[in-house]
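Notes follow once the structure below has been shown.
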Amino acid sequence: MNSEIEELYQEVILDHSRRPRNFGELPDAAVRVHGDNPACGDEIHLAVRFDGDGGLEDIKFTGRGCAISQASASLMTMKLKGKSRTEVTEMLRAFHGLVTDETSETPGTLGDLRVMRGMRKFPQRVKCAMLPWRAVEQALEQGAGEATVSTEPG
């Protein structure tokens, strides 16, 4: 990747970490998932409300951590809000490929999330980028109530 593109990607990540979108409480959430990355101290509290068909009607997060985890959560919530369960699952799989697999095709549907492509060079950072995605995956599995996910094996 050329340095101009890397610089642009870094700017997008910094912007989203400093001014995260969809940051805040969601009082009528169906599911709340607490995610943590003990290796670096990142924490994500994800709140999801589903529509009648099980899609993500609304999604918000709070938490603290490195720029990558916060930017990933911000970008993710923007991308997933209003999406069907199938679309969310497809994006989850595509994002995981983006940050872990050199040979993975990057679907255009990921849009701004492609700024996270550089994480695959830094395995510890992949956990930071994946934390909010693991939380949303847990929210889909759970459907209601509260849950916890971690980047480290329990």
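The values are calculated or read from the model by the stated rules, or taken from the named source; none is laboratory data. Everything numeric here is computed off the predicted structure, so don't read it as measured data. Glycine gets a Cβ as well: all are built from the backbone with ideal geometry, and neighbour counts include every protein chain shown.
Conditions: (1) surrounded by fewer than 16 Cβ atoms within 10 Å (Cβ to Cβ); (2) farther than 20 Å from P123 by Cα. M78 meets all but one. Number of the miss?
Unmet for M78, out of (1) surrounded by fewer than 16 Cβ atoms within 10 Å (Cβ to Cβ); (2) farther than 20 Å from P123 by Cα: (1).
Yes/no per residue for (1) under 20 Å from Q138 (Cβ atoms); (2) small (G, A, S); (3) surrounded by 21 or more Cβ atoms within 10 Å (Cβ to Cβ):
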{"position": "Y9", "(1), (2), (3)": "no, no, no"}
{"position": "R21", "(1), (2), (3)": "no, no, no"}
{"position": "V48", "(1), (2), (3)": "yes, no, yes"}
{"position": "D51", "(1), (2), (3)": "yes, no, no"}
{"position": "S69", "(1), (2), (3)": "yes, yes, yes"}
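Among the residues of the stretch 140-148, is there at least one that is assigned to a helix (DSSP H, G or I), touching a residue at least 12 places away in the same chain (Cβ under 8 Å) and among the β-branched types (V, I, T)?
Our first condition is that a residue be assigned to a helix (DSSP H, G or I); within the stretch 140-148, this holds for 140-142.
Retained after the next criterion (residues that are touching a residue at least 12 places away in the same chain (Cβ under 8 Å)): 140, 142.
Those still in the list that are among the β-branched types (V, I, T) too: none.
For the stretch 140-148, residues assigned to a helix (DSSP H, G or I), touching a residue at least 12 places away in the same chain (Cβ under 8 Å) and among the β-branched types (V, I, T): absent.
Of the residues G97, G41, G35, which is over 16 Å from D112 (Cα atoms), small (G, A, S) and without any contact (Cβ under 8 Å) to a residue 40 or more places away in the chain?
Sole residue among the options that is over 16 Å from D112 (Cα atoms), small (G, A, S) and without any contact (Cβ under 8 Å) to a residue 40 or more places away in the chain: G41.
If I ask for residues that are surrounded by fewer than 18 Cβ atoms within 10 Å (Cβ to Cβ) and either among the β-branched types (V, I, T) or within 18 Å of A73 (Cβ to Cβ) (or both), which ones from the stretch 95-113 would you list?
Taking the stretch 95-113 and keeping what is surrounded by fewer than 18 Cβ atoms within 10 Å (Cβ to Cβ), we get 96-97, 100-109, 111-112.
Scanning the stretch 95-113 gives H96, T100, T103, T106, T109, G111, D112.
Looking only at the stretch 31-41, decide whether some residue is touching a strand residue (DSSP E or B) at 6+ places or on another chain (Cβ under 6 Å), of a type in the set (A, V, I, L, M) and over 18 Å from E152 (Cα atoms). Outline the logic, then answer.
Within the stretch 31-41, the subset touching a strand residue (DSSP E or B) at 6+ places or on another chain (Cβ under 6 Å) is 31-36.
If we keep only those that are of a type in the set (A, V, I, L, M) as well, we get 31, 33.
Then keep just the ones that are over 18 Å from E152 (Cα atoms); that gives 31.
Yes, because at least one residue in the stretch 31-41 is touching a strand residue (DSSP E or B) at 6+ places or on another chain (Cβ under 6 Å), of a type in the set (A, V, I, L, M) and over 18 Å from E152 (Cα atoms).
For the stretch 1-107, give me every one of the helices (runs of 4 or more DSSP H) that falls completely inside it and has 3 or more residues that are at pLDDT below 95 and under 12 Å from the mean Cα position of the chain (by Cα). Write out each step before concluding.
Numbers: elements: 3-18, 67-80, 85-100.
Helices (runs of 4 or more DSSP H) meeting the threshold: 85-100.
Within the stretch 19-32, is even one residue touching a residue at least 40 places away in the same chain (Cβ under 8 Å), of a type in the set (G, A, S) and under 21 Å from R125 (Cα atoms)?
Scanning the stretch 19-32, I find no residue that is touching a residue at least 40 places away in the same chain (Cβ under 8 Å), of a type in the set (G, A, S) and under 21 Å from R125 (Cα atoms), so the answer is no.
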